[in-house]
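A.B. asks: Here you go, one structure.
The values are calculated or read from the model by the stated rules, or taken from the named source; none is laboratory data. All values reported here derive from a predicted model rather than from experimental measurement. Backbone-built Cβ (ideal geometry, glycine too); neighbour counts: all protein chains shown.
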Amino acid sequence: MKTNFFKIIMPAIAILLAIGGSFVSYASEKTTNALVPGYIDIIGSHCIHYTTCSNIVGPVICTAIYQGIVYQAYGRFPNDTVCDLILWRQ
């Protein structure tokens with residue numbers, strides 16, 4: 001009886017605990033649309049605030065049209081002079 005318990009019952013209990021634990025620890029996705037300023041880098045002028053984008057990953061990269069030219073809009077950290085964070089359209 002003792003060998004059947006360890007060979008059959010213990011693995012079954014371990015599998016059930018693993019499945020139950022995966023459902024308990026599953027966190028639901030909370031999507032919030034975090035709008036941030038989008039900056040474009042024009043020759044001679046760096047990081048000009050021009051549009052509003054989202055920092056949540058999406059299917060389309062954030063762009064802006066300035067004087068007929070399409071620029072990719074970037075974000076930046078506060079107190080930073082370099083615009084290098086990729087932003088998306090929501």
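A.B. asks: Starting from residues that are within 14 Å of the chain's Cα centre (by Cα) and of a type in the set (Gly, Ala, Ser), keep the ones in region 39-74 and report whichever is modelled with the lowest pLDDT. Write out each step before concluding.
C.D. replies: Step one: of region 39-74, the residues within 14 Å of the chain's Cα centre (by Cα) are 53-61.
Subsequent filtering for residues that are of a type in the set (Gly, Ala, Ser) retains 54, 58.
Working: Ser54: 90, Gly58: 86.
If we take residues in region 39-74 being within 14 Å of the chain's Cα centre (by Cα) and of a type in the set (Gly, Ala, Ser), then Gly58 is modelled with the lowest pLDDT.
A.B. asks: When you go through (1) outside any loop (DSSP other than H, G, I, E, B); (2) surrounded by fewer than 10 Cβ atoms within 10 Å (Cβ to Cβ); (3) modelled with pLDDT of 80 or more one by one for Val36, which number turns out not to apply?
C.D. replies: Of (1) outside any loop (DSSP other than H, G, I, E, B); (2) surrounded by fewer than 10 Cβ atoms within 10 Å (Cβ to Cβ); (3) modelled with pLDDT of 80 or more, only one is false for Val36: (2).
A.B. asks: Collect the residues in region 39-78 that are in a strand (DSSP E or B), farther than 11 Å from Arg89 by Cα and β-branched (Val, Ile, Thr), keeping them in residue-number order.
C.D. replies: Passing the criteria: Ile40, Ile42, Ile48, Ile65, Ile69, Val70.
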